[in-house]
Every structure is written in C-alpha cells, then in structure tokens.
Amino acid sequence: MKILIVEDDAVSIRVLEAFLEKWGYEVVTARNGNQAWEVLLESDAPSIVISAWMMPEMDGLELCSRIRGKDGSGYTYVIIVTTKARKEDLILGMEAGADDFLIKPFNHEELKYRIRAGRRIIELERRIQQLANTDPLTGIFNRRAFMERLKAELERTERGNGSLSIIMADIDHFKTVNDKHGHQAGDLALQEFTRRLMKLARPYDFLGRYGGEEFIACLPDTNEEQALSIADRLRRGVEEMVISRPGEANLRITASFGIATYRGEAGKDDVDRIISRADDALYKAKREGRNRVCACQDGES
C-alpha cells in the first residue's frame, strides 16, 4: 500500500520514511499541502496520508478539507501529526476531515498500529466497492460498473481521436439449457462462458454482464477489422468449449456476437448509441442462424 508523508521538516520526513519502508509500505513525500494535493490528484494516488498540521502554503487541515471534497472512488485515510493537544484543536481537525491524530513526540510503534487501523478501513472499503461493481455469479463487472468504465473509455477515445469497439454477446438457446438441464447447469454455463471470454480477450479489454445470458465487452484502441477478428476468436473458443459436469452429461454451447466501432468523431456516438448499434448487430447475427458475428456500420448491420 502507498502512503504519502506531508511534512516540511526534512529530518522528520527521513525518519518517517525509514520506518514506513521497513514496515513494507511504498512511500511518497511532499513538503507542503500544495505538493501533496498534486500527488493526490494522480490516478494511483496514495490511500493513506500522514500530514503535519502546520506547513507553509497549505496546512494539514486545509489539505484534509480538499481531500474530503475530492471526487473519487476510493477513500483516503488521513492521520494528522501535531503538537496541538487541546480538545478544541482535535475537534477542529476532525471537522476538517482527519481520521486520526498523533501528538508529537510519538512512539513509532503507536504509528505502526494506527496505520494498520487505517489500512483495515481502506481494504474494507475496497472490498465493499468490489462487491458493488461485480456480478456475483461470474465475477466480472455488473452492468452499472461496466457502463461507468465504458463512458470514461469513450471520453478518452474521443480526446485522443482514436477508435474503440464494443462486442455484445448472447448465449444461443440459453433457455433450453435451463429447461433441459436445470438452473445449476445454466449457472455453470454462464461461469464457463465468462472464463472462456476472459481467457481469449486481451489484457486491456474489459467485460461485463449486461443482463441474463447477454454480455458486453469493450475493446479499447480497436478498429472494426480487429474487433471482427477478436469476436470470431471468441465465437470459435465458445463453440469448441466442453463444459464438464461430474456425474452428468457434458454441455456444449454456442454464442452470437454483434460489433459496433467508434472512430473518435466528436458527437457521432455516445454510450447508449454505440451499445444500441452493437445490439442491432447481435440480433442480426441471431436472426441469420446464431453462432456467428455481425458488425454494425453507420447504423446498419
């Protein structure tokens, strides 16, 4: 876990840094609140901040207030290190958003266990966030989380004038699997289908469960020709898959795939429109006999 030390005294920084690294933490340092704020705006910002109260340019309480007002998916745990020990001062710090205080001079073992308490809170928050974003059966993004990630990826693609492709996938005749073999077999088919897609996808592609037996994948920096090739690789991988069930007959499934590509032209696509085009292509693939890939170009499959 990464920890940010915010302190204007060079000796204090070196002492804290030595202990934190000894305890296995990755350490980032800043000499005042302004420098710390720049660090905290980065995408891989530290989750724990150990900050002095009194500093030039921006003090520790103002930094706390900014942290609490910052948009972001992860919580930042803030420990204020200070010589101020009056109850009024501690209340002022808590109102600014501090989670904990250490009164100078302090014992470094005390710091160690206060950091552990903060780490438990951060890890719990991450676990809750993961559960909120994950489909419980398949372990991939649920629909809401996927849509949030897709929106951000589409905005990045537009800024860079790049390309992005979407694949909608639907397991063929999935109702028959449930009706003939039972819902446990259907759940197993969904899980194995997901594993196969994840195995065949590229490391930077991301996948979500759109609903029921329908799945959606985002392929960043991918044009239509590349997306067609990837989708057909997925289709063949599913077709070749054998789903083993101890004591029961093996299952085989196929799936249909629809593709839409965004080419970075401002205003041409938003999230709903590109998904709608991929969905149109998917239903064309199903109408034409299933177990195939269709692409959507300029509103037509």
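The values are calculated or read from the model by the stated rules, or taken from the named source; none is laboratory data. Because the structure is a prediction, the values reported are computed rather than measured. In this analysis, Cβ positions are derived from the backbone assuming ideal geometry, glycine residues included, and neighbour counts consider all displayed protein chains. Just so you know, the surface numbers come from the protein's heavy atoms only, side chains and all, with ligands and any DNA or RNA stripped out. Shrake-Rupley method; radii C 1.70, N 1.55, O 1.52, S 1.80 Å.
What part of the accessible area of the chain, given as a whole %, is carbon or sulfur when the probe is 1.4 angstrom? It would help to have the intermediate numbers written out before the result.
On the way: 7390 of 15560 Å².
Result for the chain: 48 percent of the exposed heavy-atom area is carbon or sulfur.
Can you give me the distance in nm between label points at Lys112 and Tyr204, each placed 7 Å from the Cα along the Cα-to-Cβ direction?
4.2
Taking the Cα centre as origin and putting +1 on Lys and Arg beta-carbons and -1 on Asp and Glu beta-carbons, what dipole magnitude results for the chain, to the nearest 20 debye?
Details: 45 positive and 51 negative charges, 187 e Å.
Dipole magnitude for the chain comes out near 900 debye.
For a quick protection proxy, order the peptides 180-189, 47-56, 1-10 by their average other-Cβ count within 10 Å, most packed first.
Answer by packing, highest mean first, reads 47-56, 1-10, 180-189.
Using a cut-off of 12 Å between beta-carbons, work out the net charge of the residues near Tyr25 (Lys and Arg +1, Asp and Glu -1, Tyr25 not included).
Result for the neighbourhood of Tyr25: +2.
So what J values fall out for the stretch 163-169 if you push phi through Karplus, 6.51 cos²θ - 1.76 cosθ + 1.60 with θ = phi - 60°, rounded to Hz, Gly and Pro as x?
Taking θ as phi minus 60°, the curve returns 10, 8, 10, 10, 10, 9, 10 Hz for the stretch 163-169.
Taking the chain as a Gaussian network, where each spring joins two C-alpha atoms under 10 Å apart, which residue of Glu153, Glu214, Glu110 fluctuates the most?
Comparing Glu153, Glu214, Glu110 in the GNM, the peak value goes to Glu110.
Put a dot 7 Å past each Cα toward the Cβ at Asn178 and Arg252; how far apart are the dots in nm?
2.4
For the stretch 65-142, what percent of Cα pairs sit more than 14 Å apart?
70
Viscosity 1.306 mPa s, temperature 10 °C: what is the translational diffusion coefficient of the stretch 1-145 from Stokes-Einstein with a Kirkwood Rh over Cα pairs, rounded to a whole number of µm²/s?
Details: Rh = 16.0 Å.
In µm²/s, the coefficient rounds to 99.
Would you mind getting the accessible area per residue of the stretch 12-56, heavy atoms of the protein chains only, 1.4 Å probe, in Å²?
Per-residue value: 49 Å².
How compact and how long is the chain, expressed as Rg and Dmax of its alpha-carbon atoms in Å?
In order Rg, Dmax, the Cα atoms of the chain give 25.5, 76 Å.
From the Cα gyration tensor of the stretch 112-231, with a ≥ b ≥ c the square roots of its eigenvalues, which class applies: rounded if a/c is under 1.5, or else prolate if a/b is larger than b/c, or else oblate?
oblate
Expressed as a fraction of 2.2 N^0.38 Å, the rule-of-thumb size for a compact globular protein of N residues, what is the C-alpha radius of gyration of the stretch 201-288?
Taking the Cα Rg and dividing by 2.2 N^0.38 Å, one obtains 1.25.
If you plug each phi of the stretch 53-58 into the Karplus form 6.51 cos²θ - 1.76 cosθ + 1.60 with θ = phi - 60°, what whole-Hz ³J(HN,Hα) values come out, in order, with x for Gly and Pro?
Once θ is set to phi - 60°, the couplings for the stretch 53-58 become 7, 8, 8, x, 6, 8 Hz.
Accessible area per residue for the stretch 189-301 in Å², computed with a 1.4 Å probe and the full protein assembly in place, what is it?
Averaged over the residues of the stretch 189-301, the accessible area is 48 Å².
Using a cut-off of 12 Å between beta-carbons, work out the net charge of the residues near Glu95 (Lys and Arg +1, Asp and Glu -1, Glu95 not included).
It works out to a net charge of -1.
Size of the stretch 160-222 along its principal axes in angstrom, Cα-based, largest extent first?
Here the Cα extents, ordered largest to smallest, are 48, 17, 13 Å.
So if each residue of separation counts as 0.36 nm, and I subtract the Cα-Cα distance between Ser276 and Arg290, what length gain in nm does that give?
On the way: separation 14, 0.36 × 14 = 5.04 nm, distance 1.87 nm.
3.2 nm is the gain from fully extending Ser276 to Arg290.
How far apart, in nm, are the 7 Å Cα→Cβ label points at Arg245 and Glu62?
With each label point 7 Å from Cα toward Cβ, the separation is 6.6 nm.
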